[in-house]
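One structure is given below, encoded as structure tokens.
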């Protein structure tokens, strides 16, 4: 075999070999978030919301369903009291809500929801809140017929 | 990795949040593409070898490539059928490694028949045909394991059976007469007729199954704290028994079978599984001190160990004698340099056992550092995918099993490549999938089938999906209690 051809095929084969490696590594990369591995380890349900929530902090609270749908509350470091009582931060006009229903408070960077012994309970997504529970961005919190979300 | 099930359980208990979850990509498509890519690479490598060895380039080469692709497509179809969510990178990596190994074995066949023609002696029997037969048997076992083991957790029920069978397979060659079991000074074979098997390769997998199941059952025992020394919690002395047994077994293999590599491998696997199950560094330190003690004893008692160490320290002291093999391998790697001589253009056949223990230096001579690095990364991809399956799978037994299997492969690769490149003393083990050797190939195919089975369990969508769509969130059923007209009931 001529020397030139030998050198060209030699380099060409090594290039192809590395191309295989690069394609394989691309699959590894695209798979980092896609498949189950990571999702199975993260606690909680909303995986897309949680990934977004890691980097951003909540700035406002939005009522998405119920009589007050559409109203917003800007968040600062003070806790939000939710209920039918007059001194609540978010005063609900909801027959299924208790007088002092729930509290959403900040701890560090994260917001936590806590049920204050309501009759009908507080739900984070579809799970009943029993103790202080972290509220990721965009995950619905249901109080009676009212649904609220944290937004950035 | 150690205490797996607990935190994961809560994650699956919650229903998925998206109303219509898009089907997860199974990766079967990319697997087929990569398999075809591997087939192109292997056919190209074969063509280069033939051209450089002045053989005639015929259409037969294409048929060989097509046959190779057909063989692995059959394996791919089996994966599609029985493990549809399995990792897409494991099978193509294995296919490429096995193909490159076959090409290199064929290339060394050509060299040895050349030399025989030059010396005027009979051409030695070609190794390629046997290795192709072993590959077919290996793939058949691969398909059989996938078809029979539908759920890896079933294996934990047969833990003690597997452990017992593994022990017998491991001990058998040491107890059989040398005429059956001894090849080149190491008693690790069972030979009948022209076929030889190394039962230790299969014992490896069986013992990993046993240890994974055993540690899942007895994990609390091993993480029970004993005394604290130097900020480290030592296990209680009576819990050391399994480690002592593994150590004794390793030394036994070393004494009765004179096989340094297998004994090192077994002890390493047990140690890593203990560490993975308990997350205690003290196990590693205790195990390593056992290892050092064993090494010192072996060095002082056994001549063959001492010879290995002396060759490692200075292969050129006795170049024409005991150091010839590793010396030639180092020269081969040096000749290859960065870019290699090109496939078929070097002289890798100068190294004794160039096709089995020393295939790494053969590849290094003809593909150079660039090619070796690519092959190492393919191995790395294979092992990380195995370990990733271990992280992602939801049951403890699967985690430990995948960890053990991946680590066994990683350690074997490290020990072989380290030995050939003179980083550590040489121990006779084969490189998974590349080296010539039937037992190793077939056993590793079974190992990879188990890894695929576990990765399938790790990546498959959860089956506990609600069958019917849930009502919108605001109307979801709660125990709604209507407030009485007085308005006092809701008050806490």
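The values are calculated or read from the model by the stated rules, or taken from the named source; none is laboratory data. The structure presented is a predicted model; accordingly, all values stated were derived computationally and were not measured. Backbone-built Cβ (ideal geometry, glycine too); neighbour counts: all protein chains shown.
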Output the residues belonging to the range B:396-426 that are outside any helix (DSSP H, G or I) and buried (at least 21 other Cβ atoms within 10 Å of the Cβ).
-> B:425, B:426
For residue A:118, state whether it is within 10 Å of another protein chain (Cβ to nearest Cβ) and either farther than 16 Å from residue A:61 by Cβ or in a loop (DSSP other than H, G, I, E, B) (or both).
-> yes
Among A:124, A:38, A:81, A:61, which is within 11 Å of another protein chain (Cβ to nearest Cβ), surrounded by 15 or more Cβ atoms within 10 Å (Cβ to Cβ) and modelled with pLDDT of 85 or more?
-> A:124
What are the residue pairs meeting all of these: first residue in the range B:53-71, first residue at negative phi, second residue in a loop (DSSP other than H, G, I, E, B) and surrounded by 11 or more Cβ atoms within 10 Å (Cβ to Cβ), Cβ atoms under 6 Å, and 6 or more apart or on different chains?
-> B:53/B:344
How many of the residues making up the range B:46-85 are within 24 Å of the chain's Cα centre (by Cα) and within 11 Å of chain A (Cβ to nearest Cβ)?
-> 1
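Okay, residues lined up against (1) out of contact with any helix residue (DSSP H, G or I) (no Cβ under 9 Å at 6 or more places or on another chain); (2) in contact (Cβ under 8 Å) with a residue 60 or more places away in the chain; (3) crowded, with 20+ Cβ neighbours inside 10 Å; (4) more than 30 Å from residue B:52 (Cα to Cα):
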{"residue": "B:300", "(1), (2), (3), (4)": "no, no, no, yes"}
{"residue": "B:330", "(1), (2), (3), (4)": "no, yes, no, no"}
{"residue": "B:340", "(1), (2), (3), (4)": "no, no, yes, no"}
{"residue": "B:346", "(1), (2), (3), (4)": "no, no, yes, no"}
{"residue": "B:360", "(1), (2), (3), (4)": "no, yes, yes, no"}
Subset of the range B:376-408 [more than 8 Å from chain A (Cβ to nearest Cβ) and over 22 Å from residue B:205 (Cβ atoms)] = B:376
If you check residue B:368 against the conditions, is it farther than 30 Å from residue B:157 by Cα, facing chain A (nearest Cβ under 10 Å), without any contact (Cβ under 8 Å) to a residue 40 or more places away in the chain and surrounded by fewer than 20 Cβ atoms within 10 Å (Cβ to Cβ)?
-> no
Residue check, residue B:43 against (1) more than 30 Å from residue B:460 (Cα to Cα); (2) surrounded by fewer than 19 Cβ atoms within 10 Å (Cβ to Cβ), all met but one. Which one?
-> (2)
Got a sec? Which of B:95, B:117 is within 14 Å of chain A (Cβ to nearest Cβ) and outside any loop (DSSP other than H, G, I, E, B)?
-> B:95
So which residues in the range A:98-115 are surrounded by 19 or more Cβ atoms within 10 Å (Cβ to Cβ), more than 7 Å from chain B (Cβ to nearest Cβ) and within 24 Å of residue A:70 (Cβ to Cβ), if there are any at all?
-> A:101, A:102, A:103, A:104, A:111, A:113
Return a yes/no flag: does the range B:456-474 have any residue that is within 12 Å of the chain's Cα centre (by Cα), modelled with pLDDT of 90 or more and buried (at least 22 other Cβ atoms within 10 Å of the Cβ).
-> no
Quick one: would you say residue B:169 is closer than 21 Å to residue B:269 by Cα, touching a residue at least 40 places away in the same chain (Cβ under 8 Å) and not in a strand (DSSP E or B)?
-> no
Could you check, for the range B:150-164, whether at least one of its residues is assigned to a helix (DSSP H, G or I), more than 30 Å from residue B:460 (Cα to Cα) and under 26 Å from the mean Cα position of the chain (by Cα)?
-> yes
Out of all the residues in the range B:272-287, is one or more in contact (Cβ under 8 Å) with a residue 12 or more places away in the chain, assigned to a helix (DSSP H, G or I) and exposed (fewer than 13 other Cβ atoms within 10 Å of the Cβ)?
-> yes
Restricting attention to the range A:67-78, does a residue exist that is more than 18 Å from residue A:117 (Cα to Cα) and within 11 Å of another protein chain (Cβ to nearest Cβ)?
-> yes
Could you check, for the range B:348-358, whether at least one of its residues is without any contact (Cβ under 8 Å) to a residue 40 or more places away in the chain, within 14 Å of chain A (Cβ to nearest Cβ), more than 18 Å from the chain's Cα centre (by Cα) and buried (at least 19 other Cβ atoms within 10 Å of the Cβ)?
-> no
